Amino acid sequence: MTEEKLRPVILAGLAYKDHGDLDYEMTELAELARANNLDPRESFTQKTDRPDPGTYFGKGKVEELAAAVKTYEVDLIVTNDELSPSQIRNLEARTDATVVDRTGLILDIFAQRAQTKQAKLQVQLARLQYQLPRLRTSMSVSLDQQTGAGGGGFTSRGAGETKLEQSRRRITNEMVHIRHELADIQAGAKTRSAQREGSGMPSVALVGYTNAGKSTIMNRLLARFGVGAKEDDSKQVFEKNMLFATLNTTVRQLTLPDKKQFLLSDTVGFVSKLPHDLVAAFQSTLAEAGSADLLLQVVDISDPNYKKMMETTEETLAKIGIKDRPMITVYNKADLAEVPYPTVDGQGALTISAKDEKSQDDLLDLIKKAIFPDLQLVKLRIPFSDNKVVAQLAAHHTFQSEEYDEEGTVLEVELTGAELPQYEKYVD
Ligand SMILES: Nc1nc2c(ncn2[C@@H]2O[C@H](COP(=O)(O)OP(=O)(O)OP(=O)(O)O)[C@@H](O)[C@H]2O)c(=O)[nH]1
Ligand SMILES: [Mg+2]
């Protein structure tokens, strides 16, 4: 498969009171580790009332971990929860391995995936924020030395206080600088999004768990209905079978055969326990979906954990302040799940395969019903003296019928409630 040498690693997780589904979280943690070129050798879990304040895991488990580090000859442990800086230091001392928590792992994956300037800055900001209280752990030496995405390796375990002070100051200065740069980029993005809102075109946003197929759906619809996309491949977005393939938001305009238009946006995917610093740094990217008229929640129905993934998506949406939005649930990858498709499952949900044309048509039908809910078929009689109105209508509508009599043009067309008043006087 890959020629890259994978670094072996031990995974460790704790289930305490009111903790979520640890099995699912450990499966997800293993996926995240693989996404970061790590090779999970063994997974340790412990049940307890509450985490140990000093070492996170209880004494016995720490000893087990230390022994496993020797047995498997690994030098890295990844924990399922975010640990306190002192817990990391203590665990590192007792196991003689580097300890990275889930947050550190996700930040590293994001750092490797970031392509655009905005994404790079956002990731770097989140990493610095995260590193600031952790300068005395070896985690502050980045996992992905090869990408050199900044910040890595500026301190080592037990650095002297003066050196720590210097590092702290350097990080704080860099964060101020990045915030300024991001503010500039975001000001530009705001203008563009205001322009879009002013265009009066409805907007639809793809959201969901990472790797569910959001970008694939975007690309298939673009290939058929994208404005200028048929001639220009660069309008397509990046789709790949890996976690967090997409880190930035892309908005494209679609024009359907009946000339109806809407904007479709694709954005970063979710995972459970998305780090707080990352959510904060990506707030503007994530919030793009917040202004959409309709959300399409894409779900990989071929994944046995898809229900958990849906919960994760709902939780993340709530966390970034997106609530009570009209939403269509798109159960995708039905071809892999071996369930019949396309099927429209009652109100607001359907089962599809992204690459299947009939699936795309059914999805578009539901989207249209949702964003043009008040469409009415009306018969208009437009006198020849007002012929420019016919031209105006024809630019954005397909007529169901069109005839002429002595006075003018008689046509049948679907209009939204917002459009109707403008043409009221021609209604036959
Ligand atoms: N078999 C099958 N594969 C699919 C389908 N939809 C998407 N895929 C594949 O799933 C993988 C992930 O697709 P993406 O579109 O990149 O997923 P995404 O939701 O954009 O993921 P992130 O950007 O990481 O959040 C790709 O390899 C796609 O080819 C589908 O309906 N059937
Ligand atoms: Mg994507």
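Every read-out reported here was derived from the displayed coordinates using simple, explicitly stated rules and does not represent laboratory data. Since we're looking at a predicted model, the values are computed, not measured. Quick reminder, even Gly has a Cβ in these numbers, built from the backbone with ideal geometry, and neighbours come from all protein chains shown.
Under the rule of at least 5 residues apart or a separate chain, name every residue whose amide H is placed under 5 Å from the amide H of L76.
Distant-sequence amide H within range of L76: I10, T98.
Please go through segment 336-384 and write out the trypsin sites (Lys or Arg not before Pro) that DSSP classes as loop and that have at most 16 other C-beta atoms within 10 Å.
On the way: sites: K355, K358, K368, K369, K379, R381; in loops: K355.
Answer in residue order: K355.
Counting other Cβ atoms within 10 Å, which GluC sites (Glu not before Pro) in segment 1-79 have at most 13 and lie in a DSSP loop? Can you show the working numbers first?
Working: sites: E3, E4, E25, E28, E31, E42, E63, E64, E73; in loops: E3, E4, E73.
Hits after loop and neighbour filter: E3, E4, E73.
Just rank E165, E239, fewest to most, by other beta-carbon atoms within 10 angstrom.
Listed from fewest to most nearby Cβ atoms, that is E165, E239.
Report Rg/Rh for the chain, rounded to two decimals, where Rg is the Cα radius of gyration and Rh the Kirkwood radius.
Numbers: Rg = 26.3 Å, Rh = 24.4 Å.
Taking Rg over the Kirkwood Rh, I get 1.08.
When the Kirkwood hydrodynamic radius is evaluated over all pairs of different C-alpha atoms of segment 199-371, what value in angstrom, to one decimal, is obtained?
Result for segment 199-371 stands at 16.1 Å.
Among D374, D18, D75, which one shows the biggest mean-square fluctuation in a GNM of the chain, springs joining Cα atoms closer than 10 Å?
Taking springs between Cα atoms under 10 Å, the residue moving most is D18.
Within 10 Å of each candidate Cβ there may be at most 12 other Cβ atoms; applying that plus a DSSP loop requirement, which GluC sites (Glu not before Pro) in segment 367-408 survive? Please list the in-between numbers first.
On the way: sites: E402, E403, E406, E407; in loops: E406, E407.
Those that pass, being in a loop and sparsely packed, are E406, E407.
Excluding same-chain residues fewer than 8 positions from K59, which lysines have a Cα within less than 28 Å of its Cα?
Straight-line reach from K59, under 28 Å: K17, K47, K70, K273.
May I ask which residue of M309, L222, A349 lies farthest towards the positive end of the charge dipole of segment 199-371, with charges of +1 (Lys, Arg) and -1 (Asp, Glu) on Cβ and the Cα centre as origin?
Highest projection toward the positive end goes to L222.
Could you bin all the Cα-Cα distances of segment 376-426 into 5 Å bins starting at 0 and give me the percent of pairs in each, rounded to whole numbers?
Pairs per bin, as whole percents: 5, 21, 37, 27, 9, 1.
For segment 269-337, list log₁₀ I(q)/I(0) at each q in 0.23 Å⁻¹, using the Debye formula over Cα point scatterers of equal strength and ignoring solvent, two decimals each.
The Cα Debye sum returns log10 ratios of -1.06.
Give me a comma-separated list of calculated 3J(HN,Hα) values for segment 7-14, in order, Karplus coefficients 6.51, -1.76, 1.60 applied at θ = phi - 60°, integers in Hz, x for any Gly or Pro.
Values, residue by residue: 8, x, 8, 10, 9, 9, x, 10 Hz.
Which value, in debye to the nearest 20, gives the size of the charge dipole of segment 199-371 about its Cα centre, when Lys and Arg are +1 and Asp and Glu are -1 at the Cβ?
Value, rounded to 20: 240 debye.
Amide H neighbours of D39 under 5 Å, counting only residues 5+ apart in sequence or on other chains, H built in-plane at 1.01 Å?
Under 5 Å from the amide H of D39 lie the amide H atoms of R7, V9, each far enough along the sequence or on another chain.
Gap in Å between the Cα centre of segment 4-62 and the Cα centre of segment 292-323?
24 Å
Using the scaling law 2.2 N^0.38 Å as the reference, what is the normalised Cα Rg of segment 7-150?
Details: Rg = 14.8 Å, N = 144, 2.2 N^0.38 = 14.5 Å.
Relative to the rule-of-thumb radius for its length, segment 7-150 sits at 1.02.
Per the helix-only calculation at 222 nm, which mean residue ellipticity applies to the chain, given -39500 (n - 2.57) for every DSSP H run of n ≥ 4 and division by its residues, nearest 500 deg cm²/dmol?
Details: 14 runs with 173 residues, N = 428.
The helix-only estimate for the chain comes to -12500 deg cm²/dmol at 222 nm.
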